[in-house]
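Everything on this sheet refers to the single structure shown next.
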Amino acid sequence: MNLPNPFKLLALQFRSEWRLYARDRGAMFWTFAFPLLMLFGFGLILRSGGPQTLTLVRVAPPRETARDVAFVKALQDSKLKVLTLTPSDAKQRWEKGETTVQLESAGDGYRLKLNSYLLAQGQVVAQAASQAFLIAQSRLNGMPEPKRIPYVIESPGHARSDNYAAFLVPGLIGLNLLSMGLFTVGMVTVSYREKGKFRRLAVTPLPKWVFLLGQILQRVTVVLVQTLLLLLAARFGFQITNQGSYLVFGALVIFGTAAFLAMGFALSSTASTVETYGAISNLAFFPMMLLSGVYFRIDGAPQWLQKAIFILPLAPFLRMLRAVFNDGGSLAGETIGLAIIVGWTIVCFAIAVKRFRWV
């Protein structure tokens with residue numbers, strides 16, 4: 001019996017995969033709608049047109065002195081929001097955990113009390129308050145004020161961007177690729193094997209490469225649609241556009257897709273049931289999602305942790321994607337990151353080929 005042209009079979013397989021995918025409303029929601037909800041949710045909540053306003057809670061002294069007035073004026077000049085409360089109101093706010101830094105009178109001077117749960121932000125407020133105190137003292141004594149060092153907020157590529165959504169877009173794209181590889185590809189592969197679909201396929205005249213390539217192409221087009229939707233949402237929702245080459249950006253997305261698809265196939269070869277694979281894939285997914293800088297920067301993490309997470313593929317991929325998308329840069333200085341991802345792709349592909357089985 002003569003089989004149809006294999007490329008026609010591939011087109012039919014590709015169309016069949018899309019029909020099956022479109023019938024799964026849950027998968028369609030998590031694939032296309034959820035990333036957009038995350039972008040608009042986080043982007044609008046954390047949207048900022050400039051540096052974040054920092055609040056200092058000031059406990060009202062029994063009597064306002066000239067030094068107190070000068071200090072409050074200097075605090076306001078340093079762009080701190082000063083909230084003056086009675087001692088009882090300040091205590092209630094502190095006990096509710098709503099205060100970052102509290103300024104209190106202490107003898108002939110002042111004392112700052114920092115919330116240990118908000119220490120990173122509190123230290124910034126404390127430094128600004130200390131500088132404001134020096135300026136207030138200089139004004140009272142008729143001395144020249146200490147000059148503040150000016151600062152600007154910009155990305156490493158010198159593109160001034162203080163919009164959190166600009167940071168988030170590449171993170172969501174990278175997370176989509178990781179989810180596609182580990183769950184959509186890996187989970188489906190294990191499920192097909194467990195349910196015997198591969199066994200039944202093995203006795204049909206359909207070439208195995210047509211079946212696998214049809215699945216891969218369908219996943220690649222899903223990634224492209226996901227990425228396009230995020231780029232359109234960023235453009236029309238937040239006026240964010242790719243600052244670099246679209247050719248380099250697109251090549252990176254395809255490169256990342258290949259890497260994470262290979263990882264999904266490799267991990268699927270280690271499990272015989274969906275339940276086992278769920279545990280294995282989550283063990284790989286959550287450390288990368290939480291520590292690779294998808295939603296927030298990891299600059300404050302210990303150096304050893306930053307170096308350790310950079311060995312995993314998502315962290316260097318996001319850094320390269322942001323270098324192009326946010327900074328308009330090239331991949332000239334990303335040799336190490338490229339080498340790490342290429343290494344992961346080769347190793348995972350070799351494992352997938354060696355261990356892949358139909359039954």
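The values are calculated or read from the model by the stated rules, or taken from the named source; none is laboratory data. Here the structure is a predicted model, which means the values were calculated and not measured. As a convention, Cβ positions derive from the backbone with ideal geometry for all residues, glycine included, and neighbour counts pool all protein chains shown.
In the stretch 218-237 there is no residue that is among the hydroxyl-bearing types (Ser, Thr, Tyr), over 17 Å from the mean Cα position of the chain (by Cα), surrounded by fewer than 19 Cβ atoms within 10 Å (Cβ to Cβ) and part of a loop (DSSP other than H, G, I, E, B). The residues listed here are Ile240, Ile173; of these, the one that is in a helix (DSSP H, G or I), surrounded by 19 or more Cβ atoms within 10 Å (Cβ to Cβ) and under 19 Å from the mean Cα position of the chain (by Cα) is Ile173.
The single residue among Ala308, Ala323, Ala284, Ala339 that is more than 30 Å from Lys197 (Cβ to Cβ), in contact (Cβ under 8 Å) with a residue 60 or more places away in the chain and out of contact with any Phe, Trp or Tyr (no Cβ under 9 Å at 6 or more places or on another chain) turns out to be Ala323.
Inspect the stretch 289-303 for any residue being more than 21 Å from Gly181 (Cα to Cα) and part of a helix (DSSP H, G or I) and give the result as yes or no. Yes: one or more hits. Of all the listed residues (Val185, Val210), the sole one being in a helix (DSSP H, G or I), of a type outside the set (Lys, Arg) and touching a Gly at 6+ places or on another chain (Cβ under 6 Å) is Val185.
Of everything in the stretch 82-103 that is within 36 Å of the chain's Cα centre (by Cα) and of a type in the set (Ser, Thr, Tyr), the residue that is farthest from Leu119 (Cα to Cα) is Thr99. Among the residues of the stretch 218-237, not a single one is within 17 Å of Ile341 (Cβ to Cβ) and small (Gly, Ala, Ser).
Okay, residues lined up against (1) under 26 Å from Ala33 (Cα atoms); (2) among the hydrophobic types (A, V, I, L, M, F, W, C); (3) in contact with a helix residue (DSSP H, G or I) (Cβ under 9 Å, 6 or more places away or on another chain):
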| residue | (1), (2), (3) |
| --- | --- |
| Val190 | yes, yes, yes |
| Arg193 | no, no, yes |
| Pro205 | no, no, no |
| Val225 | yes, yes, yes |
| Gln243 | yes, no, yes |
| Met263 | yes, yes, yes |
| Thr276 | no, no, yes |
| Gln303 | no, no, no |
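Annotation: of all residues in the stretch 316-359 being polar (S, T, N, Q) and in a helix (DSSP H, G or I), the one that is nearest to Tyr246 (Cα to Cα) is Thr335. Yes or no: the stretch 109-122 includes at least one residue that is polar (S, T, N, Q), surrounded by 12 or more Cβ atoms within 10 Å (Cβ to Cβ) and without any contact (Cβ under 8 Å) to a residue 24 or more places away in the chain. Looking through the stretch 109-122, at least one residue is polar (S, T, N, Q), surrounded by 12 or more Cβ atoms within 10 Å (Cβ to Cβ) and without any contact (Cβ under 8 Å) to a residue 24 or more places away in the chain. Restricting to the stretch 315-340, and then to whatever is of a type in the set (D, E, K, R) and farther than 19 Å from Leu305 by Cα, can you tell me which residue is modelled with the highest pLDDT? Among residues in the stretch 315-340 that are of a type in the set (D, E, K, R) and farther than 19 Å from Leu305 by Cα, the one modelled with the highest pLDDT is Arg322.
Condition check for Ile45 on (1) under 30 Å from Thr227 (Cα atoms); (2) touching a residue at least 12 places away in the same chain (Cβ under 8 Å): one failure, at (2). In the set Met180, Met187, which member is under 26 Å from Arg357 (Cβ atoms) and surrounded by fewer than 21 Cβ atoms within 10 Å (Cβ to Cβ)? The match here is Met187.
Taking the stretch 1-111 and the helices (runs of 4 or more DSSP H) fully enclosed by it, the elements with 3 or more residues that are at pLDDT 90 or above are at 34-45, 66-77, 87-95.
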